[in-house]
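Worksheet for the structure shown next.
The values are calculated or read from the model by the stated rules, or taken from the named source; none is laboratory data. All of these numbers come straight from a predicted model, not from anything done at the bench. Reconstructed Cβ throughout: ideal geometry from the backbone, glycine too, with neighbour counts over all protein chains shown. Note: areas computed on protein heavy atoms with side chains; ligands, DNA, RNA excluded. Shrake-Rupley method; radii C 1.70, N 1.55, O 1.52, S 1.80 Å.
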Amino acid sequence: MEIDKAIRESDDRRLKTKYNNAIYVIKRALALYSIEEVAFSFNGGKDSTVLLHLLRAGYFLHKMEQKCSNGGLTSFPIRTIYFESSAAFPEINSFTYDTASSYGLQLDIISSDFKSGLEKLLKANPIRAIFLGVRIGDPTAVGQEQFSPSSPGWPPFMRVNPILDWSYRDVWAFILTCKVQYCSLYDQGYTSIGSIHDTVPNALLSISDSCCKEKFKPAYLLSDGRLERAGRAKKFSSSINNVGNGSGSVDSHKSSLLVASVIAVGEEILFGTVEDQLGPSLRRKIHSIGWSVSQTVVVQNDKDSVAEEVERRKSTNDMVFIYGGVGPLHSDVTLAGVAKAFGVRLAPDEEFEEYLRHLISDHCTGDQNEMALLPEGITELLHHEKLAVPLIKCQNVIIFTATNATELDKEWDCLIELTRSCGFLPTMVPYVSKHLQTNLSDVETAQPLSKLCLEFPDLNIGKILRFLDLFLGSFLYIYCLSSYCFIVQNEGCYRKSRKGPLIISFEGKVKEIFAVF
């Protein structure tokens, strides 16, 4: 079989892994269902073209294992469904019919809409499973697995998705390696083909021409597979750099207080096995740019626990910072948890995988490289020349990969440099701390401090010092000399030891310089 031979002779280890996984799914489906109970949905696009040849190879290998064939594949008996549309490109129609003729496809042409046409087909035939060329990045892929029952309200059948985990790069690697024919539109700059009403060549493949005629490079030269659908009509959000959770971005110039929360993922911290050094350091860093930290929480290495916490924090904070649980181990579930919190799937990211490939080289094979799966449709990679791999930003959630304080320092410094140009993490008026010390007891200080909090929620330090003069005497003069005026953010009282002096800590933002009393 020419397809299987081409893959076996290829040096592309990732492609071999993807191929083997897809063939396994196909053979599994053919073992579960008889040939009369399966069908294949073909639309002439690149994904279904790949699936066609995978099915041909899978059917041949399935028959070989059953010792039903000792020669080449002479026929392809799997029923093929083609939904013909008046809005389809003529090139798509021509390619579909030519392909059906070349490979002897049993083509069932349906001219009605997909759902009603499928209902009619399933009533007339004992079809129980349909092979689909769905990939994770497709809009219809949300919630699907390699074997997924049809959605409620649809006729019952099993959706079989052999290339669900394939990327744009994988598709073209297969087509070019196996030298199979594909629709001519892909050589004209089209990277994702819908109808004639919503599809144009991908502008990223445009070539300047001296005759002022626009030309395009072929689809397989698109370097970033995430932009595959850039030629499809779609409403996009106004800016990828907006801070927020979908309800609108934060205007950093109008907001005097931006709030973040910190999530640490690690049962080793919860169990006390290791001491969390990143959390305190990260909180100080957030504080240093004038942001308030509303809460720090540690969650166990569990996708649902991560998802619940991210879901809770992303809707009540301007930004959520999360660290721990990123990597190749079974316990590294942070990315999966973030994806679940936003209601999206993990999808292969070719750009991120290239970074990993350079970082871990030969260890970065298809079945081992789950680290290259990122939350689908919401991920932005934050590149910096000092970082081996980019930081990961999913809307208003930033994921650090640091495992120690030194790495965190580096990632944070790069993040601050990046934000100067992107603006998603605006630097606010910094916080300043002041501490008052007294030998008075907790009982003696409790009432005036409580009254202070109730009566003066936005009290500046001048008023605080006048009020505290009732019982802090000489400390008034010392702190007036600091010449700072504060809007109080919070205050805390603590003792370094039970018998030591009480330290009252005031923390706030510098508002203005005021005269010494």
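So the values come out like this:
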read-out	value
Selection count, segment 39-58, where residues are aliphatic (A, V, I, L, M) and over 29 Å from the mean Cα position of the chain (by Cα)	4
Residue within segment 170-185 that is touching a Gly at 6+ places or on another chain (Cβ under 6 Å), open to solvent by 10 Å² or more (accessible area, probe 1.4 Å) and in contact (Cβ under 8 Å) with a residue 60 or more places away in the chain present	no
Matching residues in segment 73-114 - criterion: being part of a helix (DSSP H, G or I) and surrounded by 13 or more Cβ atoms within 10 Å (Cβ to Cβ)	E91, I92, N93, S94, F95, T96, Y97, D98, T99, A100, Y103, F114
Hits in segment 392-406 - residues which are touching a Lys or Arg at 6+ places or on another chain (Cβ under 8 Å) and surrounded by 21 or more Cβ atoms within 10 Å (Cβ to Cβ)	Q395, N396, V397, I399
Inter-residue pairs, beta-carbon under 6 Å, first outside the structural domain of V306 (by TED's automatic domain parsing) and assigned to a loop (DSSP other than H, G, I, E, B) and in segment 266-281, second modelled with pLDDT of 85 or more and open to solvent by 80 Å² or more (accessible area, probe 1.4 Å), 6+ apart	none
Residue match in segment 294-309 (condition: assigned to a strand (DSSP E or B), farther than 12 Å from I399 by Cβ and of a type in the set (S, T, Y))	yes
Leading residue by the ranking (farthest from the chain's Cα centre (by Cα)) among those in segment 183-227 that are among the polar types (S, T, N, Q) and assigned to a loop (DSSP other than H, G, I, E, B)	S210
Test set (1) surrounded by fewer than 18 Cβ atoms within 10 Å (Cβ to Cβ); (2) free of Cβ contacts under 8 Å to residues at least 40 places away in the same chain; (3) touching a Gly at 6+ places or on another chain (Cβ under 8 Å) - L30 fails condition number	(1)
Test: K18 is crowded, with 17+ Cβ neighbours inside 10 Å, of a type in the set (D, E, K, R), under 18 Å from S184 (Cβ atoms) and within 32 Å of the chain's Cα centre (by Cα)	no
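Residues checked against (1) in the same structural domain as L222 (by TED's automatic domain parsing); (2) open to solvent by 50 Å² or more (accessible area, probe 1.4 Å); (3) closer than 18 Å to H383 by Cα:
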residue	(1), (2), (3)
D318	no, no, no
G327	no, no, no
A336	no, no, no
K340	no, yes, no
G343	no, yes, no
Y355	no, yes, yes
